[in-house]
Amino acid sequence: MTVLVTGAAGLIGTMLRERLPALGWQLRLLDRIRLDGAITGDVADPAVLDQAMRGVDAVVHLAGQSTEAPWPAVRHGNVDGLFQLFEAARRHGVRRIVFASSNHAVGFAPRADTELSGDLSPRPDTLYGVSKAFGEALGRYYVDRYGMQVACLRIGTCDWEPPDERALATWLSPDDCSRLVDSALRAPDLGFALVWGVSANTRRWWSLDAGQRIGYEPRDDAEVFASRFTSGSGDRSGDLVGGGFTTPAYGIDEVAARG
């Protein structure tokens, strides 16, 4: 089966390009950055999406603004671009979309003594988080209105290794990222799913239940990196899921001032 991967030149796109073919997927790639064998173009351009969408069986949507930024950048990639992506999929009869959402869609949710379920109500911590909550709502709409199948992955800290102490809880390893996406692509009768994108970390705050319901079985644990960090040295997450992104430094005016 052929899967369109948007944002294929990015960090997660690179992880998936290196791993999904070994799991049996044929990839078609799309990015604004020129990449060998890929379609080059903007995800908000319907003509580019029509070219990319022809003949594919599913979409893994990673493209867009990848962190907090002034609203015009967030809106273009994560609102306008996402709408165009869903419309192109509808035009071409592509029913399954795996959407890279983010833990920042629920960043103002408090951490708890028990693991947080994947279906927490949106409480975005940034305009970037707002755009991811919009993406989840748009996915729900296309499931209910047009019978599509959408998995929204509330991704934590997806990196080659945990970058700081907080990530000992939130890390999603490259291999587990590919396992999660593979499960979302294969899950029968998917409907609509909200799933935490996190590895089997000893310190995780988030439940794996929703992922397990779609067949996701993570194998990696950030605890193997714990000795690199002095307790409390890098964990500024406080009591909220979004950590530092919930601080005043990420207000609209503050972000705009940084450009």
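Helix 127-146 versus the longest principal axis of the chain: what angle, 0 to 90°, nearest 10, using Cα atoms?
40 degrees
With all protein chains present, how much of the accessible area of region 173-249 (probe radius 1.4 Å) comes from carbon and sulfur, to the nearest whole percent?
Numbers: 1640 of 3610 Å².
Carbon and sulfur: 45 percent of the exposed surface of region 173-249.
Expressed as a rounded percentage, what relative contact order does region 47-146 have, with Cα pairs under 8 Å and six or more residues apart?
This gives 33 percent for region 47-146.
Could you work out, for region 1-129, what percent of all Cα-Cα pairs fall into each 5 Å distance bin, beginning at 0 Å and stopping at the bin that holds the largest distance?
That works out to 2, 10, 19, 21, 18, 14, 9, 4, 1, 0, in percent per bin.
May I ask you to give the percent of accessible area on region 1-160 that is carbon plus sulfur, with a probe radius of 1.4 Å?
It is 50 percent, rounded to a whole number.
Report ³J(HN,Hα) in whole Hz for each residue of region 114-123, in order, from the Karplus equation J = 6.51 cos²θ - 1.76 cosθ + 1.60 where θ = phi - 60°; Gly and Pro get x.
Using θ = phi - 60°, the values come out as 9, 5, 7, 6, x, 9, 3, 5, x, 9 Hz.
Distance between the C-alpha centers of region 103-140 and region 38-64? Whole Å please.
26 Å
Rg and Dmax of the chain, using alpha carbons, in Å: what are they?
Expressed in Å, the Cα Rg and Dmax of the chain come to 17.4, 52.
Assuming a viscosity of 1.306 mPa s and a temperature of 10 °C, what translational diffusion coefficient in µm² per second does Stokes-Einstein assign to region 133-259, Rh being the Kirkwood radius over Cα pairs?
Value of D from the Cα-based Kirkwood radius: 99 µm²/s.
Ignoring ligands, DNA and RNA, what accessible area per residue does region 63-196 give at 1.4 Å, in Å²?
37 Å²
The values are calculated or read from the model by the stated rules, or taken from the named source; none is laboratory data. From a predicted model like this one, the values you see are computed outputs, not experimental measurements. In case anyone asks, the SASA skips ligands and DNA or RNA and just uses the protein heavy atoms, side chains included. Shrake-Rupley method; radii C 1.70, N 1.55, O 1.52, S 1.80 Å.
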